[in-house]
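See below for the structure under consideration.
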Amino acid sequence: MKKLILVIVALGLFLQLDAQTHKTQNVIIVTLDGFRWQELYRGADSALINSNFTKDKKETTKRFWAATAAERRKILLPFFWNTIAQKGQLYGDRDAGGKDEVANPYHFSYPGYNEIFTGFPDVRMNTNDPIPNPNMNVLEYLNKQPGFKDKIAVFTSWQIFPAILSAERSGLPVNSGYADFKDPKAGDRLKYLNDIQHKVPEIIGPDERLDFLTFEFSKEYIKQYKPRVLYMGFDETDDLAHDGNYQLYLQSAQKEDGFLGELWQYLQTDPQYKDKTTLIITCDHGRGDVPLQNWRDHGTDTPHSGQTWFAVIGPDTPAKGIITGDTTTYHKQLAQTISKLLGLDFKAAAGHEVGEPVNTVLGK
Ligand SMILES: [Zn+2]
């Protein structure tokens, strides 16, 4: 009997220890479509500001320019550089020797998001058409785990996400494009957003909701429904770069950084989220790195557009700032990293391969 008690006490201690080593209870994932590592780490580019890609050079210089890369990136993305760089980790700074890439060969959106969420850079996913994804994604997997059912939500600007995340099969709530948020229990703020989103001009296009609306939907949803996992997908950076509008590309990135700062501050005021939430921010692909020739483009014909970045802040991630060194991280590793942060091992139902987690994120 004594032995049994001892075993029970030891087991209890072990479980407690395990619970102590894994603090993340919630994960928020954010993507900035086609936002380059060059601006994340170097801030605004002078060749682009002084080119025809910038309409108001004086205003853009005033708002975004400073002498050093370290100053410029802080101006462009204050939340990244005042908070994540201090308390989290940043990957893909090639100027500091860090490399982050997509493992898929295509370097555009659907293949990029498929890779992030399924952990599998499937060569079949060579399309941006709304074809339901045959691969199981990590959100779908989590939605089937105890304690996560109906605690997962997705809000994106680009309307193709119900296909990318196979919403019909997975049953995940995916609100994308200018679709209304439909739930009879939705509060007044969410209902108001349904109303006003149809009153703004579709500046980017009918398939891409403006990012501030996607953010407001996400924020109000978090406040009302308290999800454990939420994915928020922004789109403007890619669209504005394709348009050759560097001024608004920079503005959009800066606004999105502000959204993240606002969200992070809110999470720290709520006991469900405070010190129990990990925020992961990344992109689906890079862009060309010759400023005046191909910064607008990406894809197999655009060299280096598979170069990407990601950033993490949360209670299980040691504050290391910029990650340097010889290793290369790949976006196929992010799905398992998300799962491991929540203490779970992501195995895809159809048995497709899943990339290894990024151990430095997990403090290993
Ligand atoms: Zn694009």
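Which shape class applies to region 192-244: rounded if a/c is under 1.5, otherwise prolate when a/b exceeds b/c and oblate if not, where a ≥ b ≥ c are the square roots of the Cα gyration tensor eigenvalues?
Oblate shape, in that a/c is at least 1.5 and b/c is the bigger or equal ratio.
Pull out a ≥ b ≥ c, the square roots of the eigenvalues of the alpha-carbon gyration tensor of region 288-364, then state rounded if a/c is under 1.5, prolate if not and a/b is larger than b/c, and oblate in the remaining case.
Numbers: a/c = 2.98, a/b = 1.52, b/c = 1.95.
It is oblate, given that a/c is not under 1.5 and a/b is not larger than b/c.
Local charge sum around Ile152 (other residues, Cβ-Cβ under 13 Å, Lys/Arg +1, Asp/Glu -1)?
+3
Which order do the peptides 30-37, 88-95, 179-186 come out in when sorted by mean C-beta neighbours inside 10 angstrom, highest first?
Details: 30-37: 25.9, 88-95: 20.6, 179-186: 12.6.
Final packing ranking: 30-37, 88-95, 179-186.
Let me check I've understood the local charge: for Trp81, count other residues with C-beta under 15 angstrom from its C-beta, Lys and Arg +1, Asp and Glu -1. What total comes out?
0
Put +1 on the Cβ of every Lys and Arg and -1 on every Asp and Glu Cβ in the chain; which of Leu213, Tyr225, Thr31 then has its Cα farthest towards the positive end of the dipole?
Going by the Cα projections, it comes out as Tyr225.
Springs between alpha-carbon pairs under 10 angstrom, Gaussian network model over the chain: which of Ala335, Ala153, Ala70 fluctuates most?
Fluctuation is largest for Ala70.
What three numbers, in Å, describe the spread of the alpha carbons of region 13-147 along their principal axes, ordered from the longest?
Between the extreme Cα coordinates on each principal axis of region 13-147 lie 57, 45, 26 Å.
Can you grab the distance from the C-alpha centre of region 169-205 to the C-alpha centre of region 253-306, Å, no decimals?
Distance between centres, Cα-based: 22 Å.
Convex hull over the Cα atoms of the chain, averaged projected area in nm²? Please list the in-between numbers first.
Working: hull surface 80.1 nm².
Spelled out: convex hull of the Cα atoms, projected over all directions, averaged, 20.0 nm².
Can you say what percent of the DSSP beta bridges in the chain, counting only those with both residues inside, are antiparallel? Round to 5.
30 percent
Under 21 Å between alpha carbons, and skipping anything fewer than 8 positions from Lys364 in its own chain: which lysines qualify?
Lys23, Lys87, Lys99, Lys276, Lys320, Lys332, Lys340, Lys347
Which lysines have a Cα less than 25 Å from the Cα of Lys191, not counting those fewer than 8 places away in the same chain?
Excluding near neighbours in sequence, the set is Lys149, Lys151, Lys182, Lys199, Lys219, Lys223, Lys226, Lys255.
We did not get these values from a lab; they are worked out from the coordinates using the rules stated. Everything quoted here is computed from the prediction, not taken from an experiment. All Cβ positions, glycine included, derive from the backbone under ideal geometry; neighbour counts span all protein chains shown.
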